Every structure is written in structure tokens, then in C-alpha cells.
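Here the structure comes first, spelled out in C-alpha cells, and everything after it is commentary.
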Amino acid sequence: MTDAPKRRTRAGHGDDSIYWDKSKNRYIGAVSLGYTPSGKRNRPTVSGKTKSEVRQKLRELKKQLAVGVKTPANYTVAQAVNDWLAQGLKGREVTSVDTYKSLADNHIVPQLGKGKLRDLEADDLDDWLEAEAKVLATQSLKMVHSILRRSISHAQRRGRAVRNVAELVDVPEGRAGRPSKSLSLEQGEAVLRAMEGTWIHAYVVLSLLVGVRPEEARPMTWSHVHLTGKEKPHVDVWRSVRRHGDTKTRKSRRSLAMPQQTVAVMRAHKRREQAVCRAAGKEWTDERLVFPTETGELRSALNVRRNFRALLKEAGFENPKEWTPRELRTNFVSVLSDHGIPIEVISRLVGHNGSGTTERVYRKQLRPVISEGAEAMDDIFGDDDGAEEESPGGT
């Protein structure tokens, strides 16, 4: 007499259950956790091609449950990234958010987005980074890795991930970035003559001959442009369009003397701005922007770039679209270096942290006005007639 087949017992609360799902052509493993407050059965599942794979995933799931983390079975990398973009960037500049979103949409979601976050392995990320290194510069590669790492950290804080696998991989070297270009002396002279009498001409002269960053020039107000007084004419570079309005670094907060050509151009530009203000029936104040839009608002980087390239076209450049306003600053450094100005002085002028000088320029301190750059630019691009003379009581 043969024994009767044993009756299959129902898995108890917390017990594992492994079964074959013909429709999915995979084994399914489940842990019963009772019922949710809404009365729905709480039974998280995992899947795999073999029972051994499912058992391993069930053990990982139990570890998550033991530490109070219940990673959703179908929570994907794309969902984690999009959740971070939506919730983790509050208070950031719109331009920064747009940059993060563009990198995520083009370099993370297409390659990794459909994968389940809890199944993501370090080997997957190594392969992904190696592939991206063929198309991205090193800095961009670091940014996409940072986006993924921060997205998973965001998921961890919300109980949707146990470990941050992005912290386990190193970022390889990417493609060499587009090298910054520098104007020749002839190009520089052509740029300084183009579109005279316009705001973009004044912007270019200030950027090329003084070396301010684009994000420092756009929010500059007239209260930081000193064209009269006992000190040399100078600009206080104290603000930028970065978050909270601060400059890039503490040493970026500096006061820079202006070459004579810049002084003349900025005086003429200020008179034009004052005339526009009076024509509109508005009261002039030095808190007004130096390079505002027609409505007095802050110009966008796109607006400046478009106008800058129009100026280059008038200056005779064959391919203006190959240039950006940031390269005016690169040219500033190159010209001074070629002229024999010590690198320590240039570092101070452009506000780099690498300067050997340790002096600090705080918000309400105007000393020292760094004049070496202005003197060199007067020597290189100087007008024999010098700056226009300031009439008594002028601005």
C-alpha cells in the first residue's frame, strides 16, 4: 500500500513561497506579511529564472524587511531618478535643474531606467559608465554618476532602497572636453570695436579686459561699478547668479581695477542707461542692473550668448556659434600670461582658489583693488588717446 501524497500546507505569516509562473516563464517567490490597513493582502514578491536565484532574492528581501525597508518590487531606476528630480532639488536654480534633467533623460533613463532599483548591481554600473565614457567628457560623466548616486540616496531616505550601489563604483576617465579657445590679438581688437554703443559691446569689454565670469557680469548692479572717486575706477565682483547669489568661491569675491578703455566704455554705457531710465519716466538708482533686458530684468545666459555671437559675426568671425562668452575670460588669462604677468597675480584677478595670496575680500571690504590686470590690458589694448576725461559732476 503506497503512502498518500502529502497535502501541501499553506505558508504561514512570514513564510516563503516559491512557485512557477507559466505566463512569465519565471519562478516567483513571495513572503506573506498579512494585510495592509486597506485590507489588501501584503505579499511582496521577487522573481528569477531558477529557484536558487529566487531563494537568494528572498533572503535579500528579508534583510530589507528586518531593517524596516520595504523596497517596492517594481520600483525602477527611472522612478528613483524622477523622484529625486521632482523632490530633491528644491531651491535650486531653474538652469541647474534643467541641466540635471537633461543629463538624466539622455544618459541614465535610456540605459538603466527600466531596471528595478533593488536588482541594480555594481557590475551593471561599471558597464554603463564605461559605455558613457565613450561619449561624455569626464566632468559630464561625474555629473551623471552623481545624479544616480543622489537619486538612490533619496530613495534610501524614503525607505525604497537598502544600499546605494552607485557608491561602490569608480568613475572612469571620459572623453577630453572641448578645449577652450583664445582670441588672437587681431581677433581681440576686432571684438573690442564691434557694435560700439550697445550693451553687448560694454559687456564684452568688461569681460575681456577685466576677466569677470559670465554669471558675475549678468547680475552686476551699478552700485558695484565705481567710475569716480579717489580710488582707481574699479568693479566689485561680489555676486553671481548662483544659488543664494554668491560668487563661485570665497576668493571669487574681489575688487578689480578697470583699464582706461573699459572705464570709457562703461561711462558711456551708464549715460545711455540713465537716458533710457529718464525717457521711461523712472527714477534712476545705482541698484539697477548694469546689463538689463529692455524691461529691466536679469538677462538669461541664452540671451547673452545669442547677442555675443551677433557681435562676433559683425567682428568678422566665420563661425560665431563655436564661441561662448565664457571664453572671453579664458582669453583674459591667456593674454595676461603671454604678457608676462605672474600666474599668482592672474589667479587673484580671476578669483581662483589656487592663488598663493591668502588675503580675503569680504562683502564690505574694498581692499585691495587689484590693479595689475588693468595696467597690463592698458598696455596691450590701450588707446593712445586714453580714456575720455571725466567732467566735474559726471557719472
Legend entry - Net charge, A275 excluded, C-beta distance under 15 Å - Lys, Arg +1, Asp, Glu -1: +4
Inset, instruction - Please work out the FRET efficiency for the pair K114 and K230, using the Cβ-Cβ distance as r and a Förster radius of 56 Å; give the result to the nearest 0.05. - result: 0.25
Inset, instruction - Output the direction-averaged projected area (hull surface divided by four) of the convex hull of the alpha-carbon atoms of the range 106-173, in nm². - result: 4.2 nm²
Legend entry - L256, L209, L136 arranged by Cβ crowding within 10 Å, fewest neighbours leading: L136, L256, L209
Inset, instruction - At a temperature of 20 °C and a viscosity of 1.002 mPa s, determine how fast the range 152-232 diffuses translationally according to Stokes-Einstein, using the Kirkwood radius over alpha-carbon pairs as Rh; express D in µm²/s, rounded to the nearest whole number. - result: 119 µm²/s
Legend entry - Distance between modelled label sites at E189 and R271, nm, 7 Å Cα→Cβ extension: 2.6 nm
Inset, instruction - Using the Karplus curve 6.51 cos²θ - 1.76 cosθ + 1.60 with θ = phi - 60°, work out ³J(HN,Hα) for each residue of the range 151-158 in order, rounded to whole Hz, and write x for Gly and Pro. - result: 5, 5, 4, 4, 5, 4, 5, 10
Inset, instruction - Quick one: which residues, 5+ away or cross-chain, put their amide H under 5 Å from the amide H of V237? H built at 1.01 Å from N. - result: R254, S255, L256
Legend entry - Cα-projected label distance for E297 with E130, points at 7 Å along beta-carbon direction, nm: 4.8 nm
Inset, instruction - Could you go through the range 273-284 in sequence order and give the Karplus-derived ³J(HN,Hα) for each residue, using 6.51 cos²θ - 1.76 cosθ + 1.60 with θ = phi - 60°, rounded to whole Hz, and x for Gly and Pro? - result: 5, 5, 5, 4, 5, 5, 5, 8, x, 10, 7, 6
Inset, instruction - Please order V109, V263 by the number of other Cβ within 10 Å, starting at the fewest. - result: V109, V263
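Taken together, the values in this text are just the output of simple stated rules run on the coordinates, not laboratory data. A quick note: this is a predicted structure, and the numbers were derived from the prediction, not measured. As a convention, Cβ positions derive from the backbone with ideal geometry for all residues, glycine included, and neighbour counts pool all protein chains shown.
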